[in-house]
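The values are calculated or read from the model by the stated rules, or taken from the named source; none is laboratory data. Here the structure is a predicted model, which is why all the values come from computation and not from measurement. Positions of Cβ are generated from backbone atoms using ideal geometry, with glycine treated the same way; all protein chains shown enter the neighbour counts.
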Amino acid sequence: MPAQPPSHSVEPQPLALPALHASHSGSWVCNSDGDVRGVSKGEAVMAVADTPHLILNAPLISTRLGYPDLSGLDLLELFAFVHPATFCVPTPKGLAHALGLEEPADGGGVPRLLQQAAGTLLARCEATDWAEREGAWSTLQSLTRLRWPWAPVLSRHVVRPQKAEKWLFSKLPEWEEHAERPQPRQVAIGEAAIEGQLERLTGEGSERREGQRDYARNVGGIFAPREKRDRPHLLLAQAGTGIGKTLGYLAPASLWAGESGGTVWVSTYTKNLQRQLRSEATRAWPDRREDGTRPVVVRKGRENYLCLLNLEDALQGGFGGRAAILAHLVARWAAFTRDGDMIGGDLPGWLGTLFRSRAIKSLTDQRGECVYAGCPHYRKCFIERSARASAQADLVIANHALVMVNAARGRDHAQRPTRIVFDEGHHVFDAADSTFAAALTGGEAIELKRWILGPERGSKGRRRGLAARLADVASYDAAGGEAIDTACEAAQALPGEGWIGRLAENAPSGPVEALLAAVRALTYARDESGSADAGYGIETEAAALDGDFIERAQAAAQALGAIRQPLIKLGVRLEAMLEDPPDWLDGQGRARIEGARFSLSWRIDTLAAWEALLGRLGGAADPQFVDWLAVDRNDAREFDIGLHRRFLDPMKPFANVVLEPAHGVMLTSATLTDRAEGGPDWPGAIARSGAPHIEVAPRLADAKSPFDYANNAEVLIVTDVKKGDLAGLAGAYARLIEASGGGVLGLFTAIRRLRAVHGRIADRLAREGLPLYAQHVDPIDTGTLVDIFRDDPRASLLGTDALRDGVDVPGESLRCVVMEQVPWPKPSILHRARRAANGGSAYDDQIIRGRLAQAFGRLIRSAGDKGHFIVLSPAFPSRLLSAFPEGVPVTRLTLDGALQRVAGGVSGKTMQPQEDLP
């Protein structure tokens, strides 16, 4: 007879096991009796190597101790088992808050906290109201067989249920088919209605913000009926921080969706804004409609969602060692997740990094190998659920790249976006640049080969090549089967495993590898940047190519064409099967073939782009494109080689693919225009919107920020930290963080300098009780690093571009932004071409001002925020100062002067600067 769970909650008792904590400020161990003592790094390593200890975030502790193979009982793993799909900042403070425990006063108190936290989590497993009990016992049996360190401890607290637990794949709910939504009604929403809806969303009686009301009225115009085909209503709306633009566009969007029955797509560049939008949208829409469908759906690319077939492979032996344990913890999460989103959703961002592997990505559909209706989990698939939900939604929250891809290759059951709000609109150019690019590289080619043939022999997991995915089609349709066989035979010409090694040994295999070998040799021969010796990636123009190179390119193009032609024939045969279906083709089979057609279309377009790229080599340059050869490297290790093509102006294909078919589009951002001398540069913003390519004159709107930047912020340009003086740079960062008492976001333009500065100052700051975290140093994903930074006002964070644009930390946790130097554009071949076409140095200045404006925008996020923006650049050009909000005091001064300002806080215009600038 199985044991019964207790009928009452168990009083938590600290777990009597030794515990260890290590930080930059020191290391402490605690014995099973709760006695804590400080130890050296060597003693800490010896202790944990001899006896498993309770620890928090093993990879981070390993980094702090300089001991890469550290193992023990990680509290984060236990938390992920007990509370899957639950947020927790992975720090002692964050764990204490998540479990309702008292925050430790210092590092010495952390080991006792770990014992208390372990006891609390184990007691939760015995409580009658443990919400995540379902499936825990079954998962624990699997984890016991895998020798998970926590399994013997948990086995005494997780009792066997009376009834056998359902396996994950049998208890997940199925998505339901719905009739396709009709075309939206043509409606016009009035300004009075928009204002009324805005008042309801912001809360009746809330402070009236005229800037937000004007902004919302302007947005309403993009939902008016379109007057001419291929001529959408287009609005460029600049909205300063604090204007309330999210509710400003959700008010008219929700009105239009309700009255028309249509779908509004809101596109963002960062996952942080997607989470914010989902939260704000609850003001306008309920979580679910009466029929159970969701009016608001977050939609991401396939590579963001858990693939249930990949998970099944992993659980049944596809993963080994620690990765297998991760798979079972992900399975626990999958039973409780909101939508299966693994990247930026409710899967803790730190879970994958705990296992020091890329296994998380292996559980998503990275290679486009989906078998659609041929998958046994198709009706429960998170990806399909999201796609179908978006077709029924009033509001779809997506990202720029997905909106562009969906507009170009939308599947039948996913509505093409016709009313689109591009929030973070200043990134649309970059997103289009990536979306409409072509890159014939070894990495991309080998992925295509895997998609056609399946993994190479010896690889773990199910072989899912084209022949396996469409075996029934091949057996029924002789022409389709012949096309599959021909494509598989032709795909042998593509690179295979070990291709980089063969190129290094000058022993390429096949025509594509032969071309890549020529690319590699020519790129190294022509390199003049010095980057080859420094270990960085190198590139050279695809120009003045000799006859041998052109011959290799032609041979590679023929090999690619030999793959593309049978794929086209296969697509035709699949289309014929759908038009005249055989008796055995049921609804699931039809869905699988439709999915295969979608994947085929994508691959055929890719091959055509590669052939076009190779076909133009040696001929006259096409002024629409920029072509170059590149060897991509990381710390002197080559990881990809190939040929690249970008549009000189990527907004041309954006205009044709996205704008033309749409009825209403808005691009909005706080930095939509360049803040050049004399006011906003609207002509530049219009040019970067794509409007000139479809001859549409966009409407313009500019809502000023309500924040008092002049009295709440100041810009300090430090003049005595010399460029190239690494010791001086590190010292400046350390002293500024000390003067500010933490709360510093440090932005770097080079990873090597970031690492060097962090290595010099982290221990020093930790001894002052000022934690320092860093991208590319700490084994923590960027989103989690921002969570940690936001959670601790005394912490500071160092990072690169991702932090300049994607951090939203209002309040005390961010009160000082420090840039190591002016963020000059990287002098790449692509940048050189665009610079020449767009005004030379003026183009550079526009990019720099945009980066400075975005970085400054991290500082003041709410009305009560105050802070300093500091640039450690003695030669900061005055022409770039217009990047900052009007009225903000700008001062050139020494580091000592800056330290006095930072220590004294921001006191407004009464300050007496050493040298105020206009």
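Restricted to segment 436-464, and to residues that are crowded, with 20+ Cβ neighbours inside 10 Å and modelled with pLDDT under 85, which residue is farthest from ALA591 (Cα to Cα)? Step by step, filter segment 436-464, then rank; the result is GLY454. The set of residues in segment 51-99 that are among the hydroxyl-bearing types (Ser, Thr, Tyr) and under 20 Å from ALA334 (Cα atoms) contains only THR86.
Residue-by-condition table, conditions (1) among the hydrophobic types (A, V, I, L, M, F, W, C); (2) at pLDDT 95 or above:
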| position | (1), (2) |
| --- | --- |
| GLU497 | no, no |
| GLY501 | no, no |
| VAL512 | yes, yes |
| VAL519 | yes, yes |
| ARG526 | no, no |
| ALA532 | yes, no |
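Scanning segment 36-66 for residues that are farther than 13 Å from LEU114 by Cα and assigned to a loop (DSSP other than H, G, I, E, B) yields SER40, THR51, PRO52, GLY66.
Does segment 803-814 contain any residue that is under 26 Å from the mean Cα position of the chain (by Cα) and either assigned to a strand (DSSP E or B) or at positive phi (or both)? Within segment 803-814, one or more residues are under 26 Å from the mean Cα position of the chain (by Cα) and either assigned to a strand (DSSP E or B) or at positive phi (or both). If you go through segment 51-67 and keep only what is surrounded by 20 or more Cβ atoms within 10 Å (Cβ to Cβ) and more than 16 Å from VAL153 (Cα to Cα), you end up with LEU56, ASN57, ALA58, LEU60, ILE61, SER62, ARG64.
Filtering segment 103-146 to residues that are farther than 21 Å from TRP333 by Cβ and in a loop (DSSP other than H, G, I, E, B) leaves GLU103, PRO104, ALA105, ASP106, THR128.
Identify all residues within segment 821-873 that are of a type in the set (Val, Ile, Thr), assigned to a helix (DSSP H, G or I) and out of contact with any Leu (no Cβ under 8 Å at 6 or more places or on another chain); write none if there are none.
Restricting attention to segment 821-873, the residues satisfying the condition of being of a type in the set (Val, Ile, Thr) are 822, 829, 847-848, 860, 870-871.
Add one more test, that the residue is assigned to a helix (DSSP H, G or I), and what stays is 829, 847-848.
Hits for segment 821-873 are ILE829, ILE847.
Given the criterion modelled with pLDDT of 90 or more and assigned by TED's automatic domain parsing to the domain that holds ALA525, identify the matching residue among LEU614, LEU585, LEU600. Walk me through how you get there before you give the answer.
Values: LEU585 fails: modelled with pLDDT of 90 or more; LEU600 fails: modelled with pLDDT of 90 or more.
Being modelled with pLDDT of 90 or more and assigned by TED's automatic domain parsing to the domain that holds ALA525 holds for just one of LEU614, LEU585, LEU600, which is LEU614.
Comparison of SER862, SER841, SER828, SER796 shows that the only residue that is buried (at least 20 other Cβ atoms within 10 Å of the Cβ) and among the hydroxyl-bearing types (Ser, Thr, Tyr) is SER796. Does segment 338-358 contain at least one residue that is part of a loop (DSSP other than H, G, I, E, B), on the phi > 0 side of the Ramachandran plot and at pLDDT 90 or above? For segment 338-358, residues part of a loop (DSSP other than H, G, I, E, B), on the phi > 0 side of the Ramachandran plot and at pLDDT 90 or above: present. Within the span defined as segment 766-775, every residue fails to be crowded, with 17+ Cβ neighbours inside 10 Å and of a type in the set (Lys, Arg).
Filtering segment 326-344 to residues that are surrounded by fewer than 23 Cβ atoms within 10 Å (Cβ to Cβ) and either β-branched (Val, Ile, Thr) or in contact with a Lys or Arg (Cβ under 9 Å, 6 or more places away or on another chain) (or both) leaves ALA335, THR337, ASP339, ASP341, ILE343, GLY344. Among residues of segment 667-679 being surrounded by fewer than 18 Cβ atoms within 10 Å (Cβ to Cβ) and touching a residue at least 12 places away in the same chain (Cβ under 8 Å), the one that is farthest from ALA239 (Cα to Cα) is GLU677. What residue, among those in segment 718-748 that are of a type in the set (Val, Ile, Thr) and more than 28 Å from ALA239 (Cβ to Cβ), is surrounded by the most Cβ atoms within 10 Å (Cβ to Cβ)? Top of the filtered list is ILE737. Suppose the filter is surrounded by fewer than 22 Cβ atoms within 10 Å (Cβ to Cβ) and not in a helix (DSSP H, G or I); does GLU180 pass it? When the stated conditions are applied, GLU180 passes them.
Condition test on LEU578, is it without any contact (Cβ under 8 Å) to a residue 24 or more places away in the chain, part of a helix (DSSP H, G or I) and not β-branched (Val, Ile, Thr)?
Working: without any contact (Cβ under 8 Å) to a residue 24 or more places away in the chain: yes; part of a helix (DSSP H, G or I): yes; not β-branched (Val, Ile, Thr): yes.
Here the answer is yes, as LEU578 does meet what is asked.
Collect the residues in segment 152-175 that are within 30 Å of GLU384 (Cα to Cα) and either without any contact (Cβ under 8 Å) to a residue 24 or more places away in the chain or over 33 Å from the mean Cα position of the chain (by Cα) (or both), keeping them in residue-number order.
Correct list: ALA164, GLU165, LYS166, SER170.
Looking at segment 68-92, which of the residues that are surrounded by fewer than 18 Cβ atoms within 10 Å (Cβ to Cβ) and on the phi < 0 side of the Ramachandran plot is nearest to the chain's Cα centre (by Cα)? It would help to see each step written out before you state the result.
Within segment 68-92, the subset surrounded by fewer than 18 Cβ atoms within 10 Å (Cβ to Cβ) is 68-69, 71, 85-87.
Okay, now just the ones that are also on the phi < 0 side of the Ramachandran plot, so 68-69, 71, 86-87.
On the way: PRO68: 27, ASP69: 29, SER71: 29, THR86: 20, PHE87: 18 Å.
Within segment 68-92, the match that is nearest to the chain's Cα centre (by Cα) is PHE87.
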